[in-house]
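Here's the structure, in structure tokens; my notes come after.
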Amino acid sequence: MRKFTDFYREHRGELDALIFDVDGTLTSGGRLISEAAVFIELLRRDKFPFFLLTNDSCNSCERKAELICKTGISITPQQIISAGNSLEMYIQSHGLAGHKFYQCGSLGEPGYAEKAGMIVTHDPHDTDDCEGVVMGEGIYDWRRELEGMFNFLLKHPDAPVLVANPDSYWPHPHGMGVGAGGMCRFICGLVQEAGFTVTPTYLGKPYQPIYDLVMKRMPEMIPECKNPVPERIAMIGDSLASDIQGANGAGMLSCLVLTGITSRVLAESAPLHRKPAEIFDSL
Ligand SMILES: [Mg+2]
């Protein structure tokens, strides 16, 4: 059993900060992954800088911190950056506040898009003045809202489609849940069959916007990292497609844990851009 904790003890001098994914890394289906609480406590005792980077876009950072705390890991909202935050930054930097978009699913309560000033509707019959689609997730009426998205894109295939969470799937208590990215690609595939090409803009891991946000926010979150050096930051996660590819792209040390959606066979046969620098059985 190779554990990240042992790696940290040996290599902490070469690292300035750790970034953890949440689902499949610290928790799984709302339950604690056994070593996680002990390891986070160790980091606290060591005063070693860390924060969480999640593609969850249907919980505010306050709610996410609450959910994580319930599992037994003490985390504050200020220690979390989510794909929803990346969406907020995109809306602000692209002047989309005040613009109306059709939203599928949830982006938190209140929603990240609305917090950034976007006007949203979930009503498939209220899309005439919508300028694009913003994709949420969580529990919603998939048929009604995804068909609404499909029909909107058939009429407006060039409209922007913003996706906070690019994930295809994620672990829940009874197996795998289908992620917002998976849903979006499914609908884009249908639009393609109808003869149009839609190019979504993904904002969470492994895409650049969330890493731009990490670099921007890191000096305020971790005063010791005024000028973050990616090579001295380790990203620990369970997904090759989001955590490992993202860390590799950002120049961070990519560390895969096998406690979530990835098996060792899959990890060892991953293409170069998704190959983890280090593989651990658990934290
Ligand atoms: Mg994960």
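Values in this text are rule-based calculations from the coordinates and carry no lab data. Please read these numbers as outputs of a predicted model, since none were measured by experiment. Using ideal geometry, Cβ is built from the backbone for each residue, glycine included, and neighbour counts are taken over all protein chains shown.
Couple of notes before you dig in:
- The alpha-carbon of residue 47 sits under 22 angstrom from the alpha-carbons of these lysines, leaving out residues fewer than 8 places away in its chain: 3, 216, 226.
- Sum of side-chain charges, residue 25 neighbourhood, beta-carbon under 10 Å (Lys, Arg +1; Asp, Glu -1): -4
- Reduced Cα scattering model of the chain, Debye log10 I(q)/I(0), q = 0.07, 0.08, 0.17 Å⁻¹: -0.25, -0.33, -1.36
- Top positive-direction residue, dipole computed over the chain with Cβ charges, set 5, 199, 52: 5
- Built amide H within the under 5 Å cut-off of residue 99, gap 5+: 119
- Summing Cβ point charges (Lys, Arg +1; Asp, Glu -1) relative to the Cα centre of the range 206-253 gives a dipole of roughly 160 debye.
- Couplings 3J(HN,Hα) of the range 185-193, computed from phi: 5, 4, 5, 4, x, 5, 5, 4, 4 Hz, in residue order, whole Hz [Karplus 6.51 cos²θ - 1.76 cosθ + 1.60, θ = phi - 60°; x for Gly and Pro].
- Fewest-first sequence of 102, 169, 211 by Cβ atoms within 10 Å of each Cβ: 169, 211, 102
- Summarising the amide proton neighbourhood of residue 33: residues at separation of 5 or more, or on other chains, whose placed amide H is nearer than 5 Å comprise 27, 28.
- Counted by neighbouring Cβ atoms within 10 Å, the residues 120, 134, 265, 178 run from fewest to most as 265, 178, 120, 134.
- Distances between placed amide hydrogens fall under 5 Å for residue 167 paired with 180, 181, all partners being 5 or more residues away or on another chain.
- Table column - 3J(HN,Hα) (Hz), the range 4-18, Karplus curve with 6.51, -1.76, 1.60, x for Gly and Pro: 5, 3, 5, 4, 4, 4, 7, 10, 4, x, 8, 10, 9, 7, 10
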